[in-house]
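Asks: I have a structure here, written as structure tokens, and I will follow up with some questions on it.
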Amino acid sequence: MFGKIFITSSDYDPQMGKHVKDPYLGPDASLGACRPDIRRQVKLGDHLFVVSGKLPNVRQFVMGGFEVANKIAIQEAYQKFPDQRLHLRDDGQLTGNIVVDASGVQHPLDTHKRETFAKRVAADYVIGANCISLIKPEEIAVGREQTLDVLREIFKKPGGSPYEIVGHYGSNLTEEQVHQLRAWLLSLKKASRAA
């Protein structure tokens, strides 16, 4: 088993910043358009974790993670997961992580450079299982408070921010580190339910 943890783009934070559309950490968790490098690397049974993006005066947190259950072509994902097709939310923010339209070309709402589109969709769409995500405000608050210390402990590495520990391209996780991160996230969910 292999694990990977990475930081989403700056300003993306489910509570304090922009809506995080990829990875999707809900039912039918997935990683669809972002990080083709990671989507190519992971295999079934591997685990992915994501840290919120950097915002001024806001502590980043591990938003959640999931096990890789399947990898499929983007066109198949378009058929299987219509809710994840790119669209605008009521607040005007973009959501969804399927960046093609019905004919398989770049969706008009996908503003990434056309030159990189083929590379982004060549890597498989990753479908997750056993997703653990911090959703409730109290879970997120504790996650923000504990993330830096948890990452320092898991990686046995000092750092003043998740970026200093995880790095620009993310970090690989051993099986033990995957178990530690999942156990910590589950403990936050359990504490929230008990409160």
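Asks: Modelled with pLDDT of 95 or more, closer than 19 Å to GLU138 by Cα and not in a helix (DSSP H, G or I): which single residue out of GLY45, GLY65 fits that description?
Replies: Every option except GLY65 fails the conditions.
Asks: Take the residues in region 72-87 that are buried (at least 18 other Cβ atoms within 10 Å of the Cβ) and of a type outside the set (Gly, Ala, Ser), then tell me which one is nearest to the chain's Cα centre (by Cα).
Replies: To start, the set of residues in region 72-87 that are buried (at least 18 other Cβ atoms within 10 Å of the Cβ) comprises 74, 77-78, 81, 84-86.
This time we only want the ones that are of a type outside the set (Gly, Ala, Ser), so: 74, 78, 81, 84-86.
Details: ILE74: 17, TYR78: 19, PHE81: 17, GLN84: 14, ARG85: 17, LEU86: 16 Å.
My answer is GLN84.
Asks: Please work out if ILE132 is open to solvent by less than 40 Å² (accessible area, probe 1.4 Å), part of a strand (DSSP E or B) and closer than 20 Å to PRO23 by Cβ.
Replies: yes
Asks: Only one of these is open to solvent by 70 Å² or more (accessible area, probe 1.4 Å) and in a loop (DSSP other than H, G, I, E, B): ASP110, ASP90. Name it.
Replies: Unique residue meeting the criteria: ASP90.
Asks: May I pose another question? Which of the residues belonging to region 1-16 are open to solvent by less than 30 Å² (accessible area, probe 1.4 Å), part of a loop (DSSP other than H, G, I, E, B) and among the charged types (D, E, K, R)?
Replies: ASP13
Asks: Could we say that VAL142 is assigned to a helix (DSSP H, G or I), in contact (Cβ under 8 Å) with a residue 12 or more places away in the chain and open to solvent by less than 30 Å² (accessible area, probe 1.4 Å) here?
Replies: Taking the combined requirement at face value, the residue does not satisfy it.
Asks: Could you go through region 17-35 and let me know if any residue there is in contact with a Ser or Thr (Cβ under 9 Å, 6 or more places away or on another chain), under 21 Å from THR147 (Cβ atoms) and open to solvent by 60 Å² or more (accessible area, probe 1.4 Å).
Replies: Scanning region 17-35, I find at least one residue that is in contact with a Ser or Thr (Cβ under 9 Å, 6 or more places away or on another chain), under 21 Å from THR147 (Cβ atoms) and open to solvent by 60 Å² or more (accessible area, probe 1.4 Å), so the answer is yes.
Asks: Does GLN41 satisfy the condition of being of a type outside the set (Lys, Arg), within 21 Å of LEU151 (Cα to Cα) and more than 11 Å from the chain's Cα centre (by Cα)?
Replies: no
Asks: Here is a list: VAL58, VAL105. Which entry is open to solvent by 10 Å² or more (accessible area, probe 1.4 Å), of a type in the set (Val, Ile, Thr) and within 27 Å of ARG152 (Cβ to Cβ)?
Replies: Just a single option satisfies the conditions, and that option is VAL58.
Asks: Given the condition of a type outside the set (D, E, K, R), open to solvent by less than 20 Å² (accessible area, probe 1.4 Å) and within 15 Å of the chain's Cα centre (by Cα), answer yes or no: does some residue in region 180-192 qualify?
Replies: yes
The values are calculated or read from the model by the stated rules, or taken from the named source; none is laboratory data. It should be emphasised that the depicted structure is a prediction, and the values quoted were computed from it without experimental measurement. Every residue, glycine among them, receives a Cβ derived from its backbone with ideal geometry; neighbour counts consider all protein chains shown. Please note that ligands, DNA and RNA were not included when accessible areas were found on the heavy atoms of the full protein model with its side chains. Shrake-Rupley method; radii C 1.70, N 1.55, O 1.52, S 1.80 Å.
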